[in-house]
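Notes for the one structure printed next.
The values are calculated or read from the model by the stated rules, or taken from the named source; none is laboratory data. In this text, all values refer to a predicted model and were calculated from it rather than measured experimentally. Virtual Cβ from ideal backbone geometry, glycine too; neighbours counted across all protein chains shown. Ligands, DNA and RNA are excluded from the accessible area calculation, which covers all protein heavy atoms including side chains. Shrake-Rupley method; radii C 1.70, N 1.55, O 1.52, S 1.80 Å.
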Protein chains: 4
Amino acid sequence: MTTAIFSQTIPVRFSHCDPAGIVFFPQYFVLLNGVVEDWFTEGLGINYAHLIGQRLVGLPTVSLHCDFSAPSFMGDSITFQLQVERVGKRSITLNVECLGADGPRLKLRQVLVTTSLSKHQSIDIPNDVLDALNRWHNATGAAP
Amino acid sequence: MTTAIFSQTIPVRFSHCDPAGIVFFPQYFVLLNGVVEDWFTEGLGINYAHLIGQRLVGLPTVSLHCDFSAPSFMGDSITFQLQVERVGKRSITLNVECLGADGPRLKLRQVLVTTSLSKHQSIDIPNDVLDALNRWHNATGAAP
Amino acid sequence: MTTAIFSQTIPVRFSHCDPAGIVFFPQYFVLLNGVVEDWFTEGLGINYAHLIGQRLVGLPTVSLHCDFSAPSFMGDSITFQLQVERVGKRSITLNVECLGADGPRLKLRQVLVTTSLSKHQSIDIPNDVLDALNRWHNATGAAP
Amino acid sequence: MTTAIFSQTIPVRFSHCDPAGIVFFPQYFVLLNGVVEDWFTEGLGINYAHLIGQRLVGLPTVSLHCDFSAPSFMGDSITFQLQVERVGKRSITLNVECLGADGPRLKLRQVLVTTSLSKHQSIDIPNDVLDALNRWHNATGAAP
């Protein structure tokens, strides 16, 4: 059984690349953060900027395991595909693949936790976010 | 038996932090890259900028597994401690811990490979680099 | 008389913002670089990645004058509007405005020069680029 | 009559450089921010992280005029020299030069204003900061 996939295609820009002419690996994680952001807002229907900025719910990363298979060059188009592996009481486990035109670029597993940004302590996933995550996780096939 | 440790203390700056006031996780990897850079130049005696820029030997990351235990705040001092786990024919496996004044912030394992930057293919670790890595790896105790 | 305007709307992301919750000013220039990139590729019909990466023509900034009028917050949409002020033999002068929903955010003037990336010396603007720039500069009204 | 100069030397890292092998210009402004940060904390004796994070006094840039004279390459050492041009009621005007071993790299003028980070409105420079700025501005010769 598969869950819904959130997919986003991004151009590899000059600013992402290093003196070797390929994406500097931390830039993938900056892009990943944008994908998670848009998945929340567009996929889950939970406004990410509002969640962080107004509701003061943080989503720090507690674990990141990433394997890189091929470099991405300036001018490439790369596609991130995000899937939910598991929704816990206070954590979300994601599987993300990044693909180029010619094959995979990287595969990663990221665990996010929900925190209170006023106290910097972990908190339960808020109910509306949990409902949206469960709806997403139980959906099958690609997102609209 | 322990190997030599390369240690570097870095101030957490405004530019490293996110709207939550803590280090944005990709920034740790930008800092890590600087630690590896200085370890090459100062620890191994292999000028990193020359290796990449003139000798056209790349050091892309093929694997990165990182677990975060506590956030770092603007104004903190954090210390990276780098150890070599394994030196292969074409790869270097590092274990890195990042510590704050009050305890660990993250622990990671990074695998780098040596590549030709003109061909973007993996190559054997150059002899002088291999010798320096083996000397480092077989040394015990902290670096001078 | 007006010249053509290249316009691009960009979401203000978590990664653009600082502990004050607003865009960290250097991030505007990273975004600006992406706008120039897309203007070259989509507006002028000169593939930017190919120009830099294969033809080894650099476009460093020699002058940047920027006035900021209001902060941009995470979740905002901001629109960059780029116009050509002047095309020289070896330089391009741009006027760029960045606008939020509620009014202007910044106004800047950037001078780029063409360089050889193999010699890091200034060179004349290549003919095809010059033709495209002149066509753009002499066009009136917004780009399609 | 000269005022005190705050000087900081920084290695040009892999992460600062672009596919052309030279510092990507927005990275100079990230470095500049670190220089201003250390000038506040070490030069003026006003803890920058505390000012922003606890006292909620912001220091956004309202004007930045920068002229670049030569590129900086990975492995270079560059020195920022910061001088105060003017201290206003709500603004600080800085003149900053960045020098490489072989001559100037850039020259800039930056105007910062003090704001309330809870209201995002400009405020008068707090008294202790103003006193420290005036002491600095009226000092002659290089800082210790």
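Relative to the first principal axis of the alpha-carbon coordinates of chain C, what is the inclination of helix C:127-138, with its axis defined by its Cα atoms, in degrees from 0 to 90 and to the nearest 10?
Around 50 degrees separate the two axes.
Considering the options C:THR61, C:HIS16, C:TRP39, tell which one lies farthest towards the positive end of the dipole of chain C, charges being +1 on Lys and Arg and -1 on Asp and Glu at the Cβ, about the Cα centre.
Towards the positive end, the residue furthest out is C:THR61.
Residues of the stretch A:1-42 losing 40 Å² or more of accessible surface, assembly versus chain alone, probe 1.4 Å, please list them.
Listed by number, the residues meeting the 40 Å² cut-off are A:ARG13, A:PHE14, A:SER15, A:PRO19, A:ALA20, A:PHE24, A:PHE25, A:PRO26, A:PHE29, A:VAL30, A:ASN33, A:GLU37.
Roughly how crowded by other chains is peptide B:113-120, in terms of the mean Cβ count from those chains within 10 Å of each of its Cβ atoms?
On the way: counts 1, 0, 3, 0, 4, 0, 0, 6.
Partner Cβ neighbours, averaged per residue: 2.
With just the Cα atoms defining each centre, how far is the stretch A:51-116 from the stretch C:100-130? Give it in Å.
34 Å
Just to verify a number: what accessible area does B:ASP76 come out at with the full protein assembly present, 1.4 Å probe, Å² rounded to tens?
40 Å²
Could you give the alpha-carbon Rg of the protein assembly as shown over 2.2 N^0.38 Å, rounded to two decimals? Let's see the in-between values first.
Values: Rg = 23.8 Å, N = 576, 2.2 N^0.38 = 24.6 Å.
Here the answer is 0.97, to two decimals.
Packing-wise, with mean Cβ within 10 Å as the measure, how do B:92-100, C:25-33 rank, highest first? Present the calculation step by step, with values, prior to reporting the outcome.
Working: B:92-100: 19.4, C:25-33: 22.8.
Result, highest mean Cβ count within 10 Å first: C:25-33, B:92-100.
Hey, for B:GLU42 with labels 7 Å out along Cα-Cβ, what do the inter-copy distances come to in nm, ordered shortest first?
In nanometres, ordered from closest: 1.4, 4.4, 4.5.
As I understand it, the dipole of the stretch D:56-144 uses +1 on the Cβ of Lys and Arg and -1 on the Cβ of Asp and Glu, about the Cα centre. Which of D:GLY75, D:ASN95, D:ASN127 lies farthest toward its positive end?
Farthest towards the positive pole: D:ASN127.
Out of the total accessible area of the stretch A:24-85 (probe 1.4 Å, heavy atoms of protein only), what percent is carbon and sulfur? Could you put the intermediate results ahead of the total?
On the way: 980 of 2060 Å².
Answer for the stretch A:24-85: carbon and sulfur cover 48 percent of the accessible area.
List the residue from chain D whose beta-carbon is nearest to the axis that rotates chain D onto chain B, together with that distance in whole Å.
Result for the D and B rotation: D:VAL30, 5.
On average, how many beta carbons from a partner chain sit within 10 Å of the beta carbon of a residue in D:84-93? Could you put the intermediate results ahead of the total?
Numbers: counts 0, 0, 0, 0, 0, 0, 0, 0, 0, 0.
That average works out to 0.
Between B and A, buried accessible area summed over both sides at probe 1.4 Å, in Å² to the nearest 100? Mind dumping the intermediate values first?
Working: alone 7870 and 7890 Å², together 13780 Å².
Summing both sides, the interface buries roughly 2000 Å².
Quick check: with the 1.4 Å probe, what order do A:ARG55, C:ARG105 take by accessible area, largest first? Please report the intermediate quantities before stating the final value.
Details: A:ARG55 90, C:ARG105 10 Å².
Descending order: A:ARG55, C:ARG105.
How crowded by other chains is B:58-69, given as the mean number of beta carbons from other chains within 10 Å of each beta carbon?
Values: counts 6, 2, 9, 8, 7, 5, 11, 7, 7, 6, 7, 1.
Mean inter-chain Cβ contacts per residue within 10 Å come to 6.
Any chance you could give the angle, 0 to 90 degrees and rounded to 10, that helix D:25-38 forms with the longest Cα principal axis of chain D?
Roughly 40 degrees, rounded to the nearest 10.
Which distances in nm, rounded to one decimal and ordered from shortest, link the label point of D:ASP128 to the equivalent label points in the other identical copies, with labels set 7 Å from Cα toward Cβ?
Those separations, rounded to one decimal, come out as 4.0, 5.1, 6.1 nm.
Suppose you put the label 7 Å out from Cα in the Cβ direction; list, shortest first and in nm with one decimal, how far B:THR9 is from each other copy's label.
Spacings between copies for this position, smallest first, are 2.1, 5.0, 5.0 nm.
Grab the alpha carbons of the stretch B:1-122, take their convex hull, and tell me the volume per residue in Å³. Numbers along the way, then the final one.
On the way: hull volume 14.6 nm³, N = 122.
Considering the Cα atoms of the stretch B:1-122, their hull volume per residue is 120 Å³.
I'd like to compare A:110-118, D:82-90, C:10-18: which one has the highest average count of other Cβ atoms within 10 Å, and what's the full order after that? Show your work: numbers first, answer last.
Details: A:110-118: 18.1, D:82-90: 15.8, C:10-18: 21.9.
Highest-to-lowest ranking by the protection proxy: C:10-18, A:110-118, D:82-90.
Could you do me a favour and compute the accessible area per residue for the stretch A:79-124, 1.4 Å probe, result in Å²? List each step's numbers first, then the result.
Details: 2160 Å² over 46 residues.
That works out to 47 Å² per residue.
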